[in-house]
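Notes for the one structure printed next.
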Amino acid sequence: MKKPLYLLTLLLTFIVNAQTSNYKITYLRSSNGKLIENQDPILVYTNSMETLITNQKIQDKKATLPYEITEINRKKSIHCITLGTLQGDKKIATIDSISLAKQSFEFSDEKRTILGYTCKKAKTSINSNTIELWYTNDLIVKGSPTTLGQNLGLVLEINRNGNFIISATKIEKIKAMPLQEANKSYVDLLTYRDLLWKSRFTTIPIFKEEIINFSDSSKSNDSLFRFANGTIVLRKIKFPEIAVGSPIFVDLQEQSNGDAYDRTGSVFIIPIQKAKTFLDGLQKGVKSLPIYTNGNGKEYQGVVTTNDYDPLIELMRFFTPFGIKQYNTIEIKDKKWHEVVPYRQDISDMQSILNNQEVWIGVTIGNYDKGGHKVSMNVTVHPEEGNNKKPTTILSLFNTNNVMEMAGQEYGTMFNHEKGLEVTFTLDKDIKKAQLRYITTGHGGWENGDEFVPKKNTITLNGNVIFGMAPWRQDCGSYRLFNPASGNFPNGLSSSDYSRANWCPGTVTNPYYIDLGDLNAGKHTIQITIPQGASEGSSFSAWNVSGVLIGEN
């Protein structure tokens with residue numbers, strides 16, 4: 001009895017398929033009236049029952065992983081992303097039965113002809129974007145180059161804000177729909193969107209919930225190294241090949257694990273091209289590092305470039321807030337403390353020292369607390385084609401941030417002398433469009449300390465002033481909810497509210513990019529002078545400055 005029923009079903013399916021018209025529509029994108037160059041055309045396959053959204057490279061089997069295909073019937077859509085894995089192409093999918101039903105449009109009587117078909121106009125607004133769709137009902141099919149407008153008819157043009165347009169360029173009748181993706185693993189919609197987002201870039205994990213504290217019991221292991229009584233964590237990381245001009249970001253998250261104070265933090269790379277490196281100081285002590293003197297009677301270890309040594313390259317300067325997470329038990333009416341502070345810095349200009357390189361990368365937070373701080377950190381690489389960026393030369397010139405403070409490295413107090421910090425360096429070849437990537441923060445945490453008093457930084461190159469300003473942050477009150485343990489004063493302000501010398505508790509300090517022009521091969525001298533304030537009793541001021549030379553080869 002079952003066999004005739006099966007044959008009848010098969011016959012009906014054959015008849016339906018034979019009567020169904022299948023179409024392939026090709027779409028191209030334009031921006032500000034110009035066709036986008038070297039684009040991958042969007043392909044839509046559709047009939048009366050279903051739609052498939054893909055692109056030319058996928059159909060030609062030339063697409064690089066990951067890639068996404070969307071299958072749509074008139075009630076729901078199935079999104080599928082193909083991810084590259086060691087075991088083969090893994091396919092993750094989700095079913096979205098809500099988005100199509102939620103779409104709403106305003107309709108008008110306007111009509112126009114596209115590719116010989118009469119089209120009507122529908123309009124909608126998404127995230128403050130005005131979107132116009134031109135669709136036709138001349139063909140007994142529906143479809144769109146995106147999920148938007150799938151049930152209107154066959155959408156032949158989508159216009160976003162009048163400056164970005166997706167237009168149909170060709171409509172072809174075909175014999176059959178392409179085969180759909182098989183062997184899909186289904187997840188919920190939110191998980192799918194997260195996997196899709198993460199698939200678009202490369203994430204390089206560096207640290208995961210590592211403790212940075214001050215303790216004799218802090219120990220290294222085979223892959224993670226701890227120095228300066230646990231206030232430095234260091235790891236050797238192999239970076240992938242990175243296309244020139246691809247955006248690169250460092251992401252760090254911090255929570256207090258016991259320390260209630262705002263502290264200086266730094267993400268850095270150790271240059272290892274010369275005979276001596278900062279690794280020598282970490283392993284053998286600060287006395288093994290080259291000494292800089294300027295006549296004020298102090299010795300500063302490992303802070304300037306020499307013929308056989310380069311100082312740390314600072315990727316990101318950040319400042320911990322007052323006790324986030326650990327001290328969230330402190331209650332203040334109408335204040336809900338954040339659980340973690342995120343820091344994110346664009347380090348794309350460091351591409352040439354990361355590209356396909358094995359590097360020593362570390363994080364330090366200066367503190368004397370046994371609990372200290374907890375940090376996690378990733379670097380993300382976002383592939384980007386079509387930019388006109390060129391390879392660069394990078395040279396670390398100076399870094400007075402006393403990363404090994406808890407192992408005896410001198411504070412950056414050299415600016416109490418008129419000579420300040422002076423660095424002579426030699427270029428082996430000419431460099432074009434040179435810039436100094438300059439990070440500066442003032443320290444001295446009492447009323448008259450340089451943390452709270454603006455001081456002009458003056459930089460000269462070969463005797464000519466190239467920079468002169470007082471770095472200052474006046475937005476510190478914006479980060480109050482990161483600072484549960486920040487002290488409150490009789491005037492109604494919290495300590496974290498006060499303006500500071502280019503930093504706030506809970507923020508990143510951005511670099512200044514100072515144009516140096518074209519530099520010829522040979523010797524050059526940079527000098528930094530700051531009117532550092534005088535000490536008062538045991539309190540003293542200091543300046544953490546770092547400088548990296550970047551220029552086109």
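The values are calculated or read from the model by the stated rules, or taken from the named source; none is laboratory data. Small disclaimer: the values here were computed from a predicted structure and weren't measured. Glycine also receives a Cβ, built like all others from the backbone with ideal geometry; neighbour counts cover every protein chain displayed. For the accessible areas, the whole protein counts, side chains as well, though only heavy atoms, and no ligand, DNA or RNA atoms are used. Shrake-Rupley method; radii C 1.70, N 1.55, O 1.52, S 1.80 Å.
Some notes on this structure:
- Across the stretch 230-360, the relative contact order, built from alpha-carbon pairs under 8 Å that are at least six residues apart, equals 45 percent.
- Protein heavy-atom accessible surface, 1.4 Å probe, per residue over the chain: 50 Å².
- Mean Cβ neighbour count within 10 Å, used as a protection proxy, ranking 182-189, 166-173, 458-465, 151-158 highest first: 151-158, 166-173, 458-465, 182-189
- Rounded to the nearest 500, the 222 nm mean residue ellipticity of the chain from helices alone is -2500 deg cm²/dmol, with -39,500 (n - 2.57) taken per DSSP H run of at least 4 residues.
- Nearest 10 degrees, 0 to 90: helix 189-199 Cα axis against the chain principal axis: 60 degrees
- For the chain, averaging the sequence separation of C-alpha pairs within contact (under 8 Å, six or more residues apart) and dividing by the residue count gives a relative contact order of 14 percent.
- Any cysteine of the chain lacking a neighbouring Cys Cβ under 4.7 Å - listed by number: Cys80, Cys119
- Nearest-20 debye value, the chain charge dipole, Cβ charges on Lys, Arg, Asp, Glu: 2120 debye
- Accessible surface of the chain [probe 1.4 Å, protein heavy atoms]: carbon and sulfur percent: 49 percent
- [x] 1.09; [y] 1.00; [z] 1.04, with the label sought being that of the calculated Rg/Rh (Cα atoms, Kirkwood Rh): [x]
- The alpha carbon gyration tensor of the stretch 107-195 gives principal lengths a ≥ b ≥ c with a/c of 1.5 or higher and a/b no greater than b/c, which makes the shape oblate.
- Entries of Lys184/Lys374; Lys34/Lys142; Lys90/Lys236; Lys274/Lys389 with Cα pairs more than 32 Å apart: Lys184/Lys374
- Inter-part distance where the stretch 328-399 and the stretch 26-67 are each reduced to a Cα centre, Å: 36 Å
- Cα-Cα separations in the stretch 434-504 greater than 18 Å, expressed as whole percent: 48 percent
- Cα long-axis angle, helix 2-19 against the chain (0 to 90 degrees, to the nearest 10): 80 degrees
- Evaluated at q = 0.12 Å⁻¹, a Debye calculation over the C-alpha positions of the stretch 331-463 (equal weights, vacuum) places log10 I(q)/I(0) at -0.81.
- Under the combined filter of DSSP loop state and at most 14 neighbouring Cβ atoms within 10 Å, the stretch 422-500 retains these GluC sites (Glu not before Pro): Glu447.
- Mean separation of Cα contacts under 8 Å, 6 or more apart, over the residue count of the stretch 283-386: relative contact order %: 12 percent
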